[in-house]
Amino acid sequence: MLMNLLHFVISIWVPLVCAVIIVAVLPLVAGYIVLMERKVMADMQARLGPMRVGPHGLLQPIADALKLLIKEDIIPDEADKAIFWFAPLISVTAAMLAMSALAIGPWFQIAELNVGLLFVVGISALGIFGIVLGGWSSNSHYSLLGALRSAAQLVSYETAAGMAIVGALLLAGTLSTREIIQAQNDYGTWFAFAAPVGFFIYIVASIAETNRAPFDLPEAESELVAGYMTEYSGFRWALYFLAEYTNMVVVASIATTLFLGGWLRPFAGTPAFDFLDGFPSLLMLVVGAYCFYRAPKQPVKVQNLFMVAVGLLMFLAAMILAAPLVPAVANLLPGLKPGLHGAFWFLLKVGLYIYLFMWLRFTFPRYRFDQLMRLGWQFLIPLSIVNVMGIGVALVLHRHWGWGHLPAFGLTTLLTLLVAGLLGWESEKKDKEHVFVGEA
Amino acid sequence: MLDQIVFYFFAALAVVSAILVVTRRNVVQSAIFLITALLATAGIFLSLHAEFLFIVQVILYAGGIMVLFVFVIMLINMDVALHQIQFNRQWWLGLLLALVVGAELTIAIAIGRSHLSFGDPAPASALEPSTQLVGKVLFSEYMLPFEIASILLLVAMIGAVVMAKKKI
């Protein structure tokens, strides 16, 4: 009786608490991703980036958020006011809703759905309405063009991303996020290695879907001012920004779940690599030590103290992450290690994937719109279809003909790469035939 | 009890937004209400544990087709569209037919109510995962119709490309 009651309370409260955490923490996370992006950009351009607010600019996101909240909320006279008002909400709601089916570690998941991954992909695609309607309701040419570009881009790259996902789903044989990660554990390898071409297609398509450079044509500042956000200001503009960064987290989480082994540690099945269990605490210790090392060098007294506090926090995190490694604690709470370390590895992979996004953003120049469309329709979509067929062939070779993993997947990957080369050569030739067609 | 509240909520949402789709003058607003109606239908599917149907409804109709709808609508000159007559001259006939069909359905259900028995819904845990089930049935029992439908779609796609392009 008591156990039943306890079970009921847990079944209701755990998802609720997870949902509240996601809604409360995501804006903060988005702010710090922005800070990370500015720091990475500064580093790649040999600058320092934000340094004033807090030590090393650590409080910059909070200052930015406060500024955005108290800015004037301007609604243009000619705008369709109702739609202008709620369009940003659609984007944010869709992005946050998509997070609900993702499993961040074995503990942290709001809803385990039978169609988990499709749910994430489908719901996050609804965010496009926020962009399109916002661009249209602003009643401005720049906004409308940005919205049109965004819609065209999303529809084009959704197909390629979907086919890349289908490839990985064929390997997993399920749509539930938990079971996909479990399948990668059973395979002994992440699907990024079994289907490298699919992973590549997903990376490119997810950058295009989140409207990020080098595919950030919907908000290309040299052509369209700020694209669909041109007329937005203050809080509503911040909502679009929040949606964009939440979407980055969502696509990074999808890639982590599908291709990078989710919450699995690298070499999860190999006991020889068990020393990697110490990596989470070690990383936190190193970051904490670095904070202490930098603390005396801060220019202001408050910043010294702040830096020490951050260092202590990192040490605390290291302690918590090390706790499950102590045998006594592990015996008492066997679920602690997968719960904590799973969340750590998942978030680390998501972070690295987002870092890859930034790296690409500051490395490649922006595409032209016709180039973008040609890349999507004439290269990525055919390649993703070939990739699905290749994975199907590899599975038949492996399951029915008894081939090993490496020869089966190696052969089909090589064949897919060959097709990729042919497709690339073909589109290169077309590129040279008519250098500039004019209207894109 | 909760199931019924959820059902009536989504049902009311679907009906109200469906009515608004045809009565709004502004095309963009109609499109938004059409999206709401489709999403409400998806919600009903979800409350029936038909998760696959739910997500297909969201991805295909709300996410795919409606994006294209909105895309096209945005290119229309709204000022002209706002001044056109909203209904053609047969609207009263359409309304009459709708009322007749509605009455027919109501009467049929009212008469046949005692003979209908739906049984108790199975608990969610007792159901087989619907996605696998749909896949199995599509590729075994309904293989031929499924393939015919996909060829039909392929033909439509090629036809659209041929019609749109002057030189292939």
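Go ahead and estimate [θ] at 222 nm for chain B from helices alone: -39,500 (n - 2.57) per DSSP H run with n ≥ 4, summed, over the residue count, rounded to 500.
Details: 8 runs with 118 residues, N = 168.
Counting only the DSSP helices, I get -23000 deg cm²/dmol.
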I need the Debye-formula profile for segment B:1-86: one equal scatterer per C-alpha, no solvent, reported as log10 I(q)/I(0) at q = 0.23 1/Å, two decimals. -1.06
By a straight-distance test (C-alpha under 29 Å), which lysines pair with A:Lys71 as possible cross-link partners, with residues fewer than eight away in the same chain excluded? A:Lys39, A:Lys81
Can you give me the convex hull volume of the Cα atoms of chain B, divided per residue and expressed in Å³? 195
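Across the residues of A:147-159, average count of Cβ atoms on other protein chains within 10 Å?
Working: counts 3, 3, 0, 1, 5, 3, 0, 2, 5, 0, 0, 4, 1.
For this peptide, the per-residue mean of nearby foreign Cβ atoms is 2.
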Highest mean first, how do A:24-31, A:349-356 rank when packing is the count of other Cβ atoms within 10 Å averaged over residues? A:349-356, A:24-31
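Where does each of A:142-153, A:273-284, A:177-188 land if you order them by average Cβ count within 10 Å, highest first? Write out the running numbers ahead of the final one.
On the way: A:142-153: 23.2, A:273-284: 15.6, A:177-188: 18.5.
For the peptides A:142-153, A:273-284, A:177-188, the packing ranking is A:142-153, A:177-188, A:273-284.
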Counting other Cβ atoms within 10 Å of each Cβ, which chymotrypsin sites (Phe, Trp or Tyr not before Pro) in segment A:364-430 have at most 15 and sit in a DSSP loop? A:Trp401
How would A:Leu336, A:Leu422, A:Leu117 line up from fewest to most surrounding beta-carbon atoms within 10 angstrom? A:Leu422, A:Leu336, A:Leu117
Determine, from the Cβ-Cβ distance of A:Ile385 and A:Ala309 and an R0 of 60 Å, the FRET efficiency 1/(1 + (r/R0)^6), rounded to the nearest 0.05. 0.65
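In segment B:1-109, what chymotrypsin sites (Phe, Trp or Tyr not before Pro) fall in a loop by DSSP, with at most 14 other Cβ atoms inside 10 Å? Display every interim value, and only then the final one.
Numbers: sites: B:Phe7, B:Tyr8, B:Phe9, B:Phe10, B:Phe33, B:Phe45, B:Phe52, B:Phe54, B:Tyr61, B:Phe69, B:Phe71, B:Phe87, B:Trp91, B:Trp92; in loops: B:Phe87.
Filter output for segment B:1-109: B:Phe87.
With N set to the residue count of segment A:1-70, report its C-alpha Rg divided by 2.2 N^0.38 Å to two decimal places. Don't skip to the answer; put the middle values down first.
Values: Rg = 19.3 Å, N = 70, 2.2 N^0.38 = 11.1 Å.
The reported ratio for this selection is 1.75.
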Give me the one-decimal Kirkwood hydrodynamic radius in Å for chain A, with the sum taken over alpha-carbon pairs. 23.8
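With Kirkwood's inverse mean 1/r over C-alpha pairs for Rh, give me the Rg to Rh ratio of segment B:129-168, two decimals please.
Details: Rg = 15.2 Å, Rh = 11.9 Å.
Reported Rg/Rh, Kirkwood definition of Rh: 1.27.
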For A:109-120, what's the mean count of beta carbons from other chains sitting within 10 Å of each residue's beta carbon? 4
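Could you give the size of the charge dipole of chain A about its Cα centre, using +1 on the Cβ of each K and R and -1 on the Cβ of each D and E, expressed in debye and rounded to the nearest 20? Could you put the intermediate results ahead of the total?
Values: 25 positive and 27 negative charges, 234 e Å.
Approximately 1120 debye in magnitude.
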With Rg and the Kirkwood Rh both taken from Cα atoms, where does Rg over Rh land for segment A:294-370? 1.21
Could you line up B:Ser150, A:Ser137 from fewest to most neighbouring Cβ atoms inside 10 Å? B:Ser150, A:Ser137
Relative contact order, percent, chain A [alpha-carbon distance under 8 Å, six or more residues apart]: 19
How would you rank A:247-254, A:54-61, A:15-22, A:95-102, highest first, on the average number of other Cβ atoms within 10 Å across their residues? A:247-254, A:95-102, A:54-61, A:15-22
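Semi-axes of segment A:285-432's equivalent ellipsoid from the Cα gyration tensor, sqrt of 5 times each eigenvalue, largest first, rounded to whole Å?
46, 29, 10
Partner chain Cβ atoms within 10 Å, averaged over the residues of A:129-136 - can you pull that number for me? If you can, show how the numbers build up before the last one.
Working: counts 8, 0, 0, 8, 6, 0, 1, 7.
Neighbouring Cβ atoms belonging to other protein chains average 4 per residue here.
Per residue, how big is the convex hull of segment A:273-325 when only Cα atoms are used? Give it in Å³.
Working: hull volume 2.4 nm³, N = 53.
Enclosed volume per residue, from the Cα hull, is 46 Å³.
Coordinate-derived values only; no laboratory data. Source: prediction; values computed, not measured. FYI the Cβ positions are ideal-geometry reconstructions off the backbone, even for glycines, and counts take in every protein chain you see.
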